[in-house]
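The values are calculated or read from the model by the stated rules, or taken from the named source; none is laboratory data. Worth saying up front: this structure is predicted, and the values here are computed from it rather than measured. Heads up, the Cβs are rebuilt from the backbone with ideal geometry, glycines too, and the neighbour counts pull from every protein chain shown. To get the accessible areas, we keep the full protein, side chains included, count just its heavy atoms, and leave off ligands, DNA and RNA. Shrake-Rupley method; radii C 1.70, N 1.55, O 1.52, S 1.80 Å.
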Amino acid sequence: GSCGLNMAYVACGRIDGYVEENCPYIWDFAPGSLMVSEAGGYVGNPDFSKPLNLMGRSVLCAASEELAKTLANVVVEADKHLASLESSNNEEKRNEKE
């Protein structure tokens, strides 16, 4: 899908929030960032640790800062869960080789 289009959907209220971990280029999310901000929404990094890095490749936007915090927490927990699954899979592969 299109990062910019999804951000436009947040700005107009069609969806409540959007997280993208790998936006290819600044022009894919800079215009959407402006639209969401102008509509009164929140735009930042998925880890919620600092303001949006336009030269980065990740973005989180939501209809409100409260929803953005909730989405950021979901992303962090999902990342932890995926890391745990990956670690378990690697351990199983090592055991199979032995």
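The table below lists the values:
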| read-out | value |
| --- | --- |
| Estimated inter-spin distance, residue 89 and residue 69, nm [label 7 Å along Cα→Cβ] | 3.4 |
| The chain: most fluctuating residue of 13, 32, 41 per GNM, C-alpha cutoff 10 Å | 13 |
| Principal axis box of the chain, alpha-carbon based, largest edge first, Å | 58, 27, 25 |
| Heavy atoms of residue 60: accessible area, 1.4 Å probe, square angstrom to 10 | 0 |
| Surface accessible to a 1.4 Å probe, per residue, for the residues of the chain, Å² | 67 |
| Crossing angle, helix 65-97 versus the chain [Cα axis fit, 0-90 degrees, rounded to tens] | 20 |
| Trypsin sites (Lys or Arg not before Pro) within the range 16-98, DSSP loop, no more than 11 other Cβ atoms inside 10 Å | none |
| Backbone N under 18 Å from the residue 16 label point (7 Å along Cα→Cβ), restricted to the range 56-79 | 60-78 |
| Proximal lysine pairs, the chain, alpha carbons under 23 Å, eight or more residues apart or interchain | 4 |
| Rel. contact order, % - alpha carbon contacts under 8 angstrom, at least six apart, the chain | 26 |
| Helix 3-12 axis, angle to the chain major axis (alpha carbon atoms, nearest 10°) | 50 |
| Estimated FRET transfer efficiency (residue 49, residue 5; beta-carbon r; R0 35 Å; 0.05) | 0.85 |
| Carbon + sulfur, % of accessible area of the chain - ligands and nucleic acids excluded, 1.4 Å | 51 |
| In the range 21-79, chymotrypsin sites (Phe, Trp or Tyr not before Pro) in a DSSP loop with at most 15 other beta-carbon atoms within 10 Å | 25 |
| Helix 26-38 vs. the chain, principal-axis angle (Cα, 0 to 90°, nearest 10) | 50 |
